[in-house]
């Protein structure tokens, strides 16, 4: 598949906008109907409904979440979407600034077939607890 880099960059910005909309369904719409995401080698969230559940979990945990697209790297239909999110943890009220990335394999319709997401879970837990 010949990939247009401009379209991929637009896709990444639209994905960022979807996260910032607060709508789990808007996030899930970027995935193929049978697409999946695996976060930090955990259990996969398969299908759009499950991807929406994953996004809803982040929204529930992080108040006022704002996602930033820091960088996009493209190699064929494989994309590295590098991000930062900020907000306040819903349980502790502590401020969060978390960095990470998703590695996407895109299908022919530029939907995410597979995403492997990564962030530092220990640093996240430290920030939730209010650690320095």
Can you report the number of residues in region 94-124 which are more than 11 Å from the chain's Cα centre (by Cα), in a strand (DSSP E or B) and more than 17 Å from residue 4 (Cα to Cα)? 6
Given 80, 14, which one is outside any helix (DSSP H, G or I), free of Cβ contacts under 8 Å to residues at least 60 places away in the same chain, farther than 23 Å from residue 129 by Cβ and within 13 Å of the chain's Cα centre (by Cα)? 80
How many residues are over 21 Å from residue 28 (Cβ atoms) and outside any loop (DSSP other than H, G, I, E, B) if we restrict to region 65-77? 5
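Inspect region 20-28 for any residue being crowded, with 18+ Cβ neighbours inside 10 Å and in a strand (DSSP E or B) and give the result as yes or no. Working first, answer last.
Taking region 20-28 as the starting set, the residues that turn out to be crowded, with 18+ Cβ neighbours inside 10 Å are 24, 27-28.
Still in the running and in a strand (DSSP E or B): none.
No - not one qualifying residue is present in region 20-28.
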Given the conditions (1) crowded, with 19+ Cβ neighbours inside 10 Å; (2) under 20 Å from residue 118 (Cβ atoms); (3) in contact with a strand residue (DSSP E or B) (Cβ under 9 Å, 6 or more places away or on another chain), which single one is not true for residue 48? (2)
With respect to residue 79, determine if the residue is out of contact with any helix residue (DSSP H, G or I) (no Cβ under 7 Å at 6 or more places or on another chain) and under 17 Å from residue 38 (Cα atoms). no
(1) touching a strand residue (DSSP E or B) at 6+ places or on another chain (Cβ under 6 Å); (2) over 23 Å from residue 23 (Cα atoms): which one isn't true of residue 126, the others all being true? (1)
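Every read-out reported here was derived from the displayed coordinates using simple, explicitly stated rules and does not represent laboratory data. Since the model is a prediction, treat every value here as computed from it, not as a measurement. Positions of Cβ are generated from backbone atoms using ideal geometry, with glycine treated the same way; all protein chains shown enter the neighbour counts.
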